[in-house]
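This report refers to the structure that appears directly beneath it.
The values are calculated or read from the model by the stated rules, or taken from the named source; none is laboratory data. Just so it is clear, the structure is predicted and the values come from calculations on it, not from any experiment. Cβ atoms come from the backbone with ideal geometry, glycine included; neighbour counts cover every protein chain shown. Remember, those area values only see protein heavy atoms, side chains included, never the ligands or the DNA or RNA. Shrake-Rupley method; radii C 1.70, N 1.55, O 1.52, S 1.80 Å.
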Amino acid sequence: MTRVLVADDEAAIRKVVRDALERADLEVETAVDGDDALERFEQNAFALVVTDLAMPRRDGLGLVRELRRRSTSVPILVLTVRGEEHEKVRLLDAGADDYVTKPFGVAELVARAKALMRRGEAGRASGPARFGDVEVDTEARAVRKAGRPVHLTPIEYALLLALVRRPGGVWTHRQLLAEVWGTTAGVSNDTLRVHMGSIRRKLESDPNRPKWIRTEPWVGYRFTPE
């Protein structure tokens, strides 16, 4: 399935997004606001939802929340503007998978969209996860780099596993703390940063310029397997 739902109240933006995705051989259906998008979502199956943040009747945040009540699996990509870091965190915590900041290039938009669509395929795939020379064998709970075993602490392994499960997507600090520690109380973002630094030193070729585990400033972390 390659059908994408695009929701934006600006006709010009809808056309730009639609044209870019259709040139990438994706089928696109458009909606003029959040309520329109929900109606279309109920009528068809979609591999991805792309939504603007600011829309009448039901905005992007409201749409994300309602979509997540109806589906836990469909990837959601949100179009935001610069300077909305707080809103980006709220969107991701509500269930969005990624965001693209306006003004954006169509190549970046298509790359993010395809990465999120591949996430669903990766989730159904069996066998170890691989990126670069790193292999994560979830059944054996083993990690290897260039064929050699890598020792990760239980916390480091849990963090890596969370990231690997969402290729191309963003985890907020709050999401990772809740996922790995089970709470956001008593555990700081600094603690999270220390563990991420340790994972990078063990898996990245250049920990100071990470290729796989990237920081999203003020938001969280992104796993980029390609």
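Cβ-Cβ distances below 7 Å connect the following pairs, each with a first residue in segment 30-59 that is touching a residue at least 24 places away in the same chain (Cβ under 8 Å) and within 22 Å of residue 116 (Cα to Cα), a second residue that is among the polar types (S, T, N, Q) and surrounded by 17 or more Cβ atoms within 10 Å (Cβ to Cβ), and a separation of six or more residues or different chains: 37/51; 53/80. Scanning segment 143-154 for residues that are modelled with pLDDT under 90 and not polar (S, T, N, Q) yields a single hit, 154.
Being open to solvent by 60 Å² or more (accessible area, probe 1.4 Å), part of a strand (DSSP E or B), modelled with pLDDT of 95 or more and not basic (Lys, Arg) is a condition met by no residue of segment 41-59.
So, residue 123, is that one at pLDDT below 85, of a type in the set (Gly, Ala, Ser), farther than 26 Å from residue 26 by Cα and not in a strand (DSSP E or B) or not? When the stated conditions are applied, residue 123 does not pass them.
Scanning segment 126-169 for residues that are touching a Ser or Thr at 6+ places or on another chain (Cβ under 9 Å), assigned to a strand (DSSP E or B) and open to solvent by 60 Å² or more (accessible area, probe 1.4 Å) returns no hits. Taken over segment 170-192, the residue count meeting the criterion of being at negative phi and in a loop (DSSP other than H, G, I, E, B) is 5. Taking the criterion of being open to solvent by 10 Å² or more (accessible area, probe 1.4 Å), in a strand (DSSP E or B) and in contact (Cβ under 8 Å) with a residue 60 or more places away in the chain, the only residue of segment 66-99 that qualifies is 99. Residues in segment 193-207 that are open to solvent by 50 Å² or more (accessible area, probe 1.4 Å), part of a helix (DSSP H, G or I) and free of Cβ contacts under 8 Å to residues at least 40 places away in the same chain: 3 in all. Does residue 38 satisfy the criteria of being touching a Pro at 6+ places or on another chain (Cβ under 6 Å), on the phi < 0 side of the Ramachandran plot and aliphatic (A, V, I, L, M)? No, not satisfied.
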